[in-house]
Amino acid sequence: MLLCWTSRTSLSMARISQVPRTMENPSWNAADTSQSGTLEGEEFVQFYKALTKRAEVQELFESFSADGQKLTLLEFLDFLREKQKERDCTSELALELIDRYEPSDSGKLRHVLSMDGFLSYLCSKDGDIFNPACLPIYQDMTQPLNHYFICSSHNTYLVGDQLCGQSSVEGYIRALKRGCRCVEVDVWDGPSGEPVVYHGHTLTSRILFKDVVATVAQYAFQTSDYPVILSLETHCSWEQQQTMARHLTEILGEQLLSTTLDGVLPTQLPSPEELRRKILVKGKKLTLEEDLEYEEEEAEPELEESELALESQFETEPEPQEQNLQNKDKKKKSKPILCPALSSLVIYLKSVSFRSFTHSKEHYHFYEISSFSETKAKRLIKEAGNEFVQHNTWQLSRVYPSGLRTDSSNYNPQELWNAGCQMVAMNMQTAGLEMDICDGHFRQNGGCGYVLKPDFLRDIQSSFHPEKPISPFKAQTLLIQVISGQQLPKVDKTKEGSIVDPLVKVQIFGVRLDTARQETNYVENNGFNPYWGQTLCFRVLVPELAMLRFVVMDYDWKSRNDFIGQYTLPWTCMQQGEPAPLTPGQYPSSGCLPNAVLLPLPGYRHIHLLSKDGISLRPASIFVYICIQEGLEGDES
């Protein structure tokens, strides 16, 4: 009986070990009725009930319950309207939630919610901080590809570092399964006439190109039906390019987009909806003149580097002056080394070198795409942020990590999304803050790998500058009361009796002026049910671009705090209540509310923590109170 009961409560002995088992522990003493110093049978059950009692939830429950034992249908309806601010809340919705979360059949029949049912509701997706309405595909998927942020991978074949790491098709499987829609394939000449994929001029291992294509064919649409982009970096000879084209055509079959949709000459990029279950090739492409010229003369299979040769292993691009000299010299040389069979498979995503925004506007087309190193992209944002935004309203941009990141570390993708860059490629094998932001951003919209950009990043005449955001963008103020934590895991499981001292750090990532962080105090020796009750305040100028990250850390006065768990989500996907009436005097000049001030914030939400690798740590969570105010109250500027 005891085993069944503990199973139903999902008790983890790892979590129980977080509780100090001293004779001074009131819960322990109360349960130890035999005074033996150990807990057995019913004593253990009572001890567990005492530990898992959520005093803050019980108080909330009793504030709406007339008898303190149950919530009637009307009482639960009052809670949903007053505290959760459920829009258009009806008796039907309340009945549906009772039927979904009340554990007892008698409670369901009587249309009442017990304390257990109430807690179950608060811990469910309906009580989660992530708005359930943003979980399925909810955005317009019929706009041109350049209107979307696209989940993109860098050096997808690597599962380790970029000098000696292993290349494996597993990298493609992992990326595609997590919703990635653009994968990179660096292709080089291999033995026996078969092209190979690896990080050129390094000690990384090699895999066959045809195996990569077969893997993409198998896993491309297991997570999402929306198009997959193969970003080819081709360093192969003429013959092996022909082999590449044959593998792409034969292995991908009907999945491969080999002609424009309906054979019609396009005037804009197609939409994700129009390209469902299609694989697109991104790469260099011969112009019509080059194609015709090749037909007139027989080209040599091995030629010197030409305008169509791909970038070096670190994908660096020459400066405009150097490029012009190279172009003049290349005109004197023989035909380009790009094979027409491979060129013909590039339909909508022709790779072109970026020279300037003016040059792109005058000479490039909507179906051409430029790649930028992170260093160059960040410099352009600072020097010509608005031009970059306007450029990305009509043409795709891909940004990749610096070649100096030999350890496969990542940059913060948010900085590039702020300028409307669609394909911000990440080293997905490397966990950390940057991948948390990326995963959190693409968690919305069904995890399909495409997220519609805000309207001001889709307007070709946009005045938005990511470094100088101004109206008409609607500023908001976020109030978060971090209330409590539940069953937080131990950081060092090898240490016997190790107990965490948890604190919660809240971070905002967005435009530079919005980026901020605050944290609570730490709770000493309690990872099981720590209580903070502290209120944090953030002011955000461009909420449409903001990401919110909650991190639970183990305080360590000797060294750096240890990571326990995190959860990251877009600001626009937060589930919150309607604004509570606040006065300017409630906002100190520091922009943060003192911990003693507990405002009546609507919206009780649980945040279910994830590990460094994005794996669920359930039942570990934190309980918060959330409210968003329109504008920057109390800000005299």
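The values are calculated or read from the model by the stated rules, or taken from the named source; none is laboratory data. Bear in mind that the values here come from a model prediction, so they are computed numbers and not experimental data. A quick note on method: Cβ atoms are made from the backbone with ideal geometry, for glycine too, and the neighbour counts reach across all protein chains shown. For accessibility, only protein heavy atoms count, side chains too; no ligands or nucleic acids. Shrake-Rupley method; radii C 1.70, N 1.55, O 1.52, S 1.80 Å.
Region 229-273: which GluC sites (Glu not before Pro) are DSSP loop and have at most 13 other beta-carbon atoms within 10 angstrom?
Qualifying residues, ordered by number: none.
Mind giving me the nanometre distance, one decimal, between the label points for residue 563 and residue 166, set 7 Å out from Cα along Cα→Cβ?
That separation, rounded to one decimal, is 2.1 nm.
Restricting to DSSP loop positions (anything but H, G, I, E, B) with no more than 10 other Cβ atoms inside 10 Å of their own Cβ, which trypsin sites (Lys or Arg not before Pro) remain in region 71-162?
Answer in residue order: 87.
How much length is gained if the chain between residue 612 and residue 177 is pulled fully straight, taking 0.36 nm per residue apart and subtracting their Cα-Cα distance, in nm to one decimal?
Roughly 154.8 nm would be gained on extension.
For residue 135, what charge total do you get from the other residues with a beta carbon under 11 Å from its beta carbon, if Lys and Arg give +1 and Asp and Glu give -1?
Taking every other residue near residue 135 into account, the sum is +1.
Cα-Cα over 23 Å: which of 378/505; 350/382; 85/453; 282/612; 177/210; 177/350?
Over 23 Å Cα-Cα: 378/505; 350/382; 85/453; 282/612; 177/350.
Roughly speaking, what is the stretch gain from residue 66 to residue 455, that is 0.36 nm per residue apart minus the C-alpha to C-alpha distance, in nm to one decimal?
135.3 nm
For region 159-221 and region 379-412, what is the separation of their C-alpha centers, rounded to whole Å?
Each part reduced to its Cα centre gives a spacing of 24 Å.
What FRET efficiency comes out for the pair residue 105/residue 431, r = Cβ-Cβ distance, R0 = 51 Å, nearest 0.05?
In this case the efficiency is close to 0.70.
Give me the net charge for the shell around residue 349: Cβ to Cβ below 10 angstrom, other residues only, Lys and Arg +1, Asp and Glu -1.
Within the 10 Å Cβ shell, the charges total +3.
If you count only protein heavy atoms and use a 1.4 Å probe, how large is the accessible surface of residue 208, to the nearest 10 Å²?
Near enough 60 Å² of accessible area.
Given R₀ = 35 Å, FRET efficiency for residue 222-residue 512 by Cβ-Cβ distance, to 0.05?
That gives a FRET efficiency of 0.40.
Using only Cα atoms, locate the centre of region 229-258 and the centre of region 92-142, then give the distance between them in Å, rounded to an integer.
49
For a quick check of understanding: with a 1.4 angstrom probe and all protein chains in place, what accessible area in square angstrom does residue 70 have, to the nearest ten?
The accessible area of residue 70 comes to roughly 60 Å².
Can you tell me the dipole magnitude for region 113-221 around its Cα centre, using point charges on the Cβ only (Lys, Arg +1; Asp, Glu -1), in Debye to the nearest 20?
Charge dipole of region 113-221: 80 debye, to the nearest 20.
Grab the other residues whose beta carbon is less than 12 angstrom from that of residue 421, score K and R as +1, D and E as -1, and report the net.
+2
Assuming R0 = 56 Å, what is the FRET efficiency of residue 467 and residue 40, from their Cβ-Cβ distance, to the nearest 0.05?
The value I calculate is 0.30.
Any chance you could run the full-extension gain for residue 96 through residue 82? It's 0.36 nm times the residue separation minus the Cα-Cα distance, nm to one decimal.
3.2 nm
If contacts are Cα pairs under 8 angstrom and at least 6 residues apart, what is the relative contact order of region 423-531 in percent?
The value is 21 percent.
Ignoring ligands and nucleic acids, what accessible area does residue 428 show with a 1.4 Å probe (Å², nearest 10)?
Accessible area of residue 428: about 20 Å².
Excluding ligands, DNA and RNA, what is the solvent-accessible area per residue of region 398-463 at a probe of 1.4 Å, expressed in Å²?
Using a 1.4 Å probe on heavy atoms only, each residue of region 398-463 averages 27 Å².
For region 359-506, give the percent of accessible area contributed by carbon and sulfur heavy atoms, probe 1.4 Å, rounded to a whole number.
For region 359-506, the apolar C and S fraction of the accessible surface comes to 49 percent.
Considering only DSSP states other than H, G, I, E and B, which trypsin sites (Lys or Arg not before Pro) in region 517-572 qualify as loop sites with at most 10 other Cβ atoms within 10 Å?
558, 560
In nm, give the distance between the simple-model label positions of residue 383 and residue 555, each being 7 Å from the Cα along the Cα-to-Cβ direction.
Between residue 383 and residue 555, the simple spin-label model gives 4.7 nm.
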